[in-house]
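Since the structure comes first, as structure tokens, the remarks are kept for the end.
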Amino acid sequence: MSRTAGAFKNGKAFIAFITCGDPDIETTKEAIREAVKNGADLIEIGIPFSDPTAEGLVIQEANIRALSGGMTTDKAFALVRELRQETETPFVFMTYANVVYSYGTNGFLSNCAEAGLDGLIIPDLPYEEKEEFLPCCEEYGLDLISLIAPTSSDRIAMIAREAMGFLYLVSSLGVTGTRSEINTDIEAIVREIRRNTDIPCAVGFGISTPEMAAKMASVSDGVIVGSAIMKIIAAYGKNSPAKVGEFVKSMKDAI
């Protein structure tokens, strides 16, 4: 079992997304530490990108602040190296294909492995094009996390059968962001996933309250929360880590 999949071994997993470098790298480090201390089972670290096509306004603005503050991919690697000395909590990068390509795929993935990353989420990488990255991920022992969306339909079985680490189940059409409700039949999608793989699946996009988290966790293996966390960081800036920890604890307790 990879460390990524191991995040689910003790029950429902809470996965916290944090944009690296917003408002600065030290705040990101402290926010991750607080998230881990308060029960986060896996940390999804967003490498900021100028055109994050899967992200709503909250994370778009976080990316702009991070980039304006001088955040770089190499600084993200350095952050992971430092935090890996403190915790065995799984870390995965969430970024876009252009970031990996422009850095150099082999160099990017070898640095991921050397720093202590466990996996990679590339939301603009279609299943049909994953061979662009998969062999190199396998070479360096990284899980290339697959996404399943409400529109995946007859592709669910195909994606699920070849999944690594965990499956990222997108709750709603559109981009990331907090939502008042989720109307997708998550339970039906999970049933189809279960028919094809034992790999755990976590629901993301739109989960913002303990009640929503509990509902999504009741039909899946865990939840992923990003925009709600980044709203806290936007509101409190350098003073946000403790607030992030409180929020993570409330969500973990709920699931």
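Annotations for the structure displayed:
- Across segment 82-87, coupling constants 3J(HN,Hα) worked out from phi with the 6.51/-1.76/1.60 Karplus curve, θ = phi - 60°, read 5, 5, 5, 6, 9, 8 Hz, and Gly and Pro carry x.
- Built amide H within the under 5 Å cut-off of D24, gap 5+: none
- Sites matching trypsin sites (Lys or Arg not before Pro) across segment 1-59 that sit in DSSP coil, with at most 16 neighbouring C-beta atoms within 10 Å: K9
- Whole-number percent relative contact order across the chain, with pairs defined as alpha carbons under 8 Å at least 6 apart: 26
- Listed residue pairs exceeding 32 Å between alpha carbons, taken from K75/K249; K130/K249; K75/K252; K37/K130: K130/K249; K37/K130
- Part-to-part distance (alpha-carbon centres) for segment 139-169 and segment 17-54, which is given in Å: 23
- The calculated 222 nm mean residue ellipticity attributable to helices in the chain amounts to -12500 deg cm²/dmol, summing -39500 (n - 2.57) over DSSP H runs of n ≥ 4 and dividing by all residues.
- Between T209 and R191, the modelled label-to-label distance comes to 2.7 nm, taking each label 7 Å out from Cα in the direction of the beta carbon.
- Packing-based exposure ordering (other Cβ within 10 Å, fewest first) of M212, M1, M158: M1, M158, M212
- Ordered by the count of other Cβ atoms within 10 Å of each Cβ, fewest first, V244, V219 give V219, V244.
- This model, with +1 at the C-beta of Lys and Arg and -1 at the C-beta of Asp and Glu, gives segment 190-255 a dipole about its Cα centre of some 120 debye.
- Applied to segment 24-34, the Karplus parametrisation 6.51 cos²θ - 1.76 cosθ + 1.60 on θ = phi - 60° returns per-residue 3J(HN,Hα) values of 7, 5, 5, 5, 4, 4, 5, 5, 5, 4, 5 Hz, with x for Gly and Pro.
- Among I207, F77, V58 - extreme Cα towards positive end, dipole of the chain, charges at beta-carbon: I207
- Signed unit charges on C-beta, dipole axis of the chain, positive-most listed residue F247, I148, G107: F247
- Highest-MSF residue in the chain out of G116, G107, G204 [GNM, Cα springs under 10 Å]: G107
- Under a model in which nothing but the beta-carbon of Lys, Arg (+1) and Asp, Glu (-1) is charged, segment 13-254 shows a dipole of about 640 debye around its Cα centre.
All of the numbers you see were taken from the coordinates with simple rules; none came from a lab. Small disclaimer: the values here were computed from a predicted structure and weren't measured. Note that each Cβ is placed from the backbone with ideal geometry, even for glycine, and that neighbours are counted across all protein chains shown.
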